[in-house]
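Here is the structure we will look at.
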Amino acid sequence: MFNNIGTTELLVFAIGAIIVIYILMRVARFFFRILFFVAVIAALFYFISGRSITSFFSTPTIEGLFEKTTLTNMYHNTCKGGTATDAKCACIVNVVYSDLKVKYTDAGIKDLDNNKMLLMVEVRSSVKKHASEMEACLKQKGSEGLKFLEILKDVVNKPAPTPQK
């Protein structure tokens, strides 16, 4: 294969190959630095907020609201016992908690908090029951409430899963 190539041409080919390898290594190093920088930022974000970056790009769900807490804890701590005015608390959590307070005793709500599947069934039922009230409240909250409107429409339009024993 290299029988017809002279020494000069072989030398030029070798120098060209070295230059190409050098350029590829520089480009790869640049991309790996960027990738490392993005990974560090994502890790810091995760450790500070406790949520992954992909949670901002995924469609919110009613289960996502109660993923790391119970309804009672959310009502008393995050929503300050019903006095918080943000969209999630004022329009969803307070309404659901009030509805479940009518249906269940304190012990019953505690049992719901311990059984996530049954809690989600009851939350979906409550959301469907008060959908028009919640929708009006969320629309009043402006852009903050609009992201929760998607959750509301998802719950109202999809059939509720049945609890498994």
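None of the figures in this text is laboratory data; all of them are computed from the coordinates on show. In this text the structure is predicted, and so the values were computed from the model without any measurement. Cβ sites come from the backbone with ideal geometry, for glycine too, and all protein chains shown count toward neighbours.
Quick notes
- Over the chain: helical MRE at 222 nm, DSSP H runs n ≥ 4 each giving -39500 (n - 2.57), nearest 500: -21000 deg cm²/dmol
- Residues 130, 76, ranked from the fewest to the most other C-beta atoms within 10 Å, line up as 76, 130.
- Residue order, fewest to most beta carbons within 10 Å, for 109, 92: 109, 92
- Stretching residue 103 away from residue 136 to a fully extended chain increases their span by 9.5 nm, per 0.36 nm per residue minus the current alpha-carbon distance.
- Straight-line cross-link partners of residue 141 among the lysines, defined as a Cα under 29 Å from its Cα and at least 8 positions apart when in the same chain: 68, 80, 88, 101, 103, 116, 128, 129, 153, 158.
- Integer Hz, Karplus 6.51/-1.76/1.60 couplings in order for the stretch 12-27, x for Gly and Pro: 5, 4, 5, 5, x, 5, 5, 5, 4, 4, 4, 5, 4, 5, 5, 5
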